[in-house]
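The values are calculated or read from the model by the stated rules, or taken from the named source; none is laboratory data. Bear in mind the structure is a predicted one, so any value in this text is a computation, not a measurement. Neighbour counts run over all protein chains shown; Cβ positions are idealised from the backbone, glycine included.
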Amino acid sequence: MPEAAKYSIKMITGMTDGIETVSLAPDQGNEDLTAQLEQILEARPKGEPLTIFSDLLGGSPNNLVVSRLFSRSDVRMVSGFNLPMLLSAVLTPNLTTEEIIRDGQQGIQDVIKKLNAVDEDEE
């Protein structure tokens, strides 16, 4: 999850404890990403559940996490994150992966269509 997403969570909730970010700059490669991830993993208590959000299924951060942490039972990963999904995970830490994904999907709306439907209902 990029730093900007963490900043948005902080602006809305004031919470940042336990939220770590990993970002890949244009001049960085998988080695840099691996080093960032390893630093985060080493700092976490062993066995503490870890939820990782990536922006793109099949992107470099996603693939790196899958290749290194796939077999760990304390790690879950969600790709295609959005802010409603992140907020749900932060505000309700015991949600299942499926619930987090559902909350993210519910945040995706065709706003114009929805507003037009409300206008039609009022007529």
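Restricting segment 53-95 to residues that are touching a residue at least 12 places away in the same chain (Cβ under 8 Å), of a type in the set (Ser, Thr, Tyr) and outside any helix (DSSP H, G or I) leaves a set whose member that is surrounded by the fewest Cβ atoms within 10 Å (Cβ to Cβ) is Ser79. Out of all the residues in segment 32-49, is one or more within 15 Å of the chain's Cα centre (by Cα) and not in a helix (DSSP H, G or I)? Within segment 32-49, one or more residues are within 15 Å of the chain's Cα centre (by Cα) and not in a helix (DSSP H, G or I).
Restrict the check to segment 46-57 and report whether at least one residue is basic (Lys, Arg), at pLDDT 95 or above and over 20 Å from Pro2 (Cα atoms). Explain how you work it out, then say what you get.
Narrowing segment 46-57 to residues basic (Lys, Arg): 46.
This time we only want the ones that are at pLDDT 95 or above, so: none.
No.
Count of segment 16-52 residues, restricted to those that are in contact (Cβ under 8 Å) with a residue 24 or more places away in the chain and either in contact with a Cys (Cβ under 6 Å, 6 or more places away or on another chain) or closer than 20 Å to Thr96 by Cα (or both), is 7. Restricting segment 2-14 to residues that are in contact (Cβ under 8 Å) with a residue 24 or more places away in the chain and within 15 Å of the chain's Cα centre (by Cα), the residue that is nearest to Ser60 (Cα to Cα) is Pro2. Among the residues of segment 72-88, the ones that are touching a strand residue (DSSP E or B) at 6+ places or on another chain (Cβ under 6 Å) and hydrophobic (A, V, I, L, M, F, W, C) come to 4 in all.
Candidates in segment 11-42 are the residues that are of a type in the set (A, V, I, L, M, F, W, C) and at pLDDT 90 or above; of these, the one that is surrounded by the fewest Cβ atoms within 10 Å (Cβ to Cβ) is Met11.
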